[in-house]
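Rule-based calculations on the coordinates, nothing more; no lab input. Predicted model, so just to flag it, every value in this text is computed and none were measured. Every residue, glycine among them, receives a Cβ derived from its backbone with ideal geometry; neighbour counts consider all protein chains shown.
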Amino acid sequence: MGGKFLAEFELYVMLAVARLGDHAYGAKVRQAIEDTTGRPVSIGALYATLARLAAKGLLTLRESDPEPGQRGRPRKFVRLTAAGEAATRHSAEMLTRMIEGLTLSVDEAHK
């Protein structure tokens with residue numbers, strides 16, 4: 001079951017990669033997470049997470065040839081593997097199950 005469960009930020013990364021498809025690379029993944037969640041994402045945390053997910057076999061990384069206007073730096077494109085797609089689907093389904101029927105209310109005594 002090791003790679004079947006994703007941490008919160010890993011799930012955000014995997015969902016952003018899935019949403020971006022063939023256009024998923026570091027900066028776009030970061031922007032997608034920030035735009036969707038409102039959560040700031042450090043590029044270092046993102047790349048560490050991408051490397052960890054790749055090491056687990058959940059996604060693949062490939063560098064593009066440097067493009068003009070990028071100061072000669074290649075982009076690191078990301079793609080989900082079949083195992084990554086399965087882990088993302090499983091984690092999203094578990095989160096959905098936990099949320100179904102939930103009503104949150106703040107009890108003033110527990111603040």
Filtered GluC sites (Glu not before Pro), segment 9-111: DSSP coil and at most 11 other beta carbons within 10 Å: 100
Given 0.36 nm per residue, what is the gain on full extension from residue 102 to residue 8 after removing their alpha carbon distance, in nm? 32.0 nm
How long are the three semi-axes of the equivalent ellipsoid of the chain, in whole Å, if each is the root of 5 times an eigenvalue of the C-alpha gyration tensor, listed from largest down? 30, 18, 11
Charged-residue dipole, Cβ positions (Lys, Arg, Asp, Glu), the chain about Cα centre, Debye nearest 20: 440
In the chain, with Lys and Arg counted as +1 and Asp and Glu as -1 at Cβ, which of these residues, 104, 74, 57, has the Cα nearest the positive end of the dipole, that is, farthest along it? 74
